[in-house]
Amino acid sequence: MVSHARWKLARDEKVAQGIAEDPEVERRREEISLAFDLGQAVYDRRVALGLSQTELARRAGMTQPQVSKLELGGTVPTVPLLARLARAMEAVFRMELFGSSIRVTFTDLDGTAPEKAGTEPSSTEHASASGTEAEAETDAGAERTAATG
């Protein structure tokens, strides 16, 4: 079995050689990245508010497994679901697309992020100005996924 790191290196080598990736594969890769970014934004906001997945699910009219799947990047939520989640977390949802970068945030209704003592700012509350920052955010989500099963 090929590890993820080797697969990524092989892909990067093909790109460097000028071998184009199938457009469908590229589209799917972007969709997966978006699912992880959205899931990370929901997770960050939920944790900052001190809510359990069960409580968020109750507030948003979902089940706890649905919240878990969304946070792990297993699904791309619909716009109506994002609106329900924003209401459930008493937040404003923003998604900004610029170039190949995406910025996803849930912020307080007054435009600020909730602060809990001893917590770091949300990784999704700053723009991914470069590809390395986006990869770092994806790696953080992957680490969370690996840690939670």
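The values are calculated or read from the model by the stated rules, or taken from the named source; none is laboratory data. All of these numbers come straight from a predicted model, not from anything done at the bench. Glycine gets a Cβ as well: all are built from the backbone with ideal geometry, and neighbour counts include every protein chain shown. Quick note on the areas: whole protein, heavy atoms, side chains included, nothing else; ligands and nucleic acids left out. Shrake-Rupley method; radii C 1.70, N 1.55, O 1.52, S 1.80 Å.
Go over the candidates A20, A48, A83 one by one and state the one that is touching a strand residue (DSSP E or B) at 6+ places or on another chain (Cβ under 8 Å) and either surrounded by fewer than 17 Cβ atoms within 10 Å (Cβ to Cβ) or touching a residue at least 40 places away in the same chain (Cβ under 8 Å) (or both).
Numbers: A20 fails: touching a strand residue (DSSP E or B) at 6+ places or on another chain (Cβ under 8 Å); A48 fails: touching a strand residue (DSSP E or B) at 6+ places or on another chain (Cβ under 8 Å).
Selected residue: A83, the only one of A20, A48, A83 that is touching a strand residue (DSSP E or B) at 6+ places or on another chain (Cβ under 8 Å) and either surrounded by fewer than 17 Cβ atoms within 10 Å (Cβ to Cβ) or touching a residue at least 40 places away in the same chain (Cβ under 8 Å) (or both).
Would a scan of the range 8-17 turn up a residue that is in a helix (DSSP H, G or I), without any contact (Cβ under 8 Å) to a residue 60 or more places away in the chain and either within 30 Å of D110 (Cα to Cα) or open to solvent by less than 30 Å² (accessible area, probe 1.4 Å) (or both)?
Taking the range 8-17 first, the residues in a helix (DSSP H, G or I) are 8-16.
Narrowing further to those that are without any contact (Cβ under 8 Å) to a residue 60 or more places away in the chain: 8-16.
With the extra rule that they be either within 30 Å of D110 (Cα to Cα) or open to solvent by less than 30 Å² (accessible area, probe 1.4 Å) (or both), the set shrinks to none.
Scanning the range 8-17 turns up no residue that is in a helix (DSSP H, G or I), without any contact (Cβ under 8 Å) to a residue 60 or more places away in the chain and either within 30 Å of D110 (Cα to Cα) or open to solvent by less than 30 Å² (accessible area, probe 1.4 Å) (or both).
Is it fair to say E71 is open to solvent by less than 70 Å² (accessible area, probe 1.4 Å), of a type outside the set (S, T, Y) and modelled with pLDDT under 90? Before you say what the answer is, go through the steps one by one.
Numbers: open to solvent by less than 70 Å² (accessible area, probe 1.4 Å): yes; of a type outside the set (S, T, Y): yes; modelled with pLDDT under 90: no.
So E71 does not fit the description; no.
How about the range 88-128: which of its residues are within 17 Å of E71 (Cβ to Cβ), in a loop (DSSP other than H, G, I, E, B) and modelled with pLDDT of 90 or more?
If the condition is that a residue be within 17 Å of E71 (Cβ to Cβ), in a loop (DSSP other than H, G, I, E, B) and modelled with pLDDT of 90 or more, then M89 is the only one that fits.
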